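What follows is a short report on a single structure.
We did not get these values from a lab; they are worked out from the coordinates using the rules stated. Given the structure is predicted, the values throughout are model-derived calculations rather than measurements. Here the Cβ positions follow ideal geometry from the backbone for every residue, glycine too, while neighbour counts run over all protein chains shown.
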Amino acid sequence: MTDFEIEIIGLIAACLTTISFMPQVYKIWKYKNSNGISLSMYLFMLSGVIIWFLYGFLIGSFSVMLANFIAAVLQMIIIYYKLKLK
């Protein structure tokens, strides 16, 4: 496989895993309820994706950086609503 093909596989994986946060963001926003959400889980997850983003930057992987940037934004939205709706 070429480097381009490998990067495409990474982008597809990045899109699929990042999209997995969107239903939770939508549900919290729609119902204005974050009771079942663990704040500590999302804080740990956010810390992890920030480190993954840094790793992607250091190795020059656009797919790793993109996925983790978007995941971080979605997780920050969840954390924001979790704190706001207490």
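Some points to look at:
- Computed [θ] at 222 nm, deg cm²/dmol, the chain (DSSP H ≥ 4; -39,500 (n - 2.57); rounded to nearest 500): -28000 deg cm²/dmol
- Once the Cα atoms are used to define both axes, helix 3-19 deviates from the longest principal axis of the chain by about 10 degrees.
- Highest-first packing order for the peptide set 33-43, 69-79, 48-58 is 69-79, 48-58, 33-43, based on the mean count of other beta carbon atoms within 10 Å.
- Taking the C-alpha atoms only, the angle from helix 39-59 to the longest principal axis of the chain is near 20 degrees.
- Taking the longest Cα principal axis of the chain as reference, the axis of helix 22-31 is set at about 20 degrees.
- Here log10 I(q)/I(0) by the Debye sum over Cα atoms at q = 0.19 Å⁻¹ was computed from the coordinates, and among [x] -1.04; [y] -0.81; [z] -0.96 the match is [y].
- Relative contact order of segment 14-86: 47 percent, from C-alpha pairs under 8 Å at least 6 residues apart in sequence.
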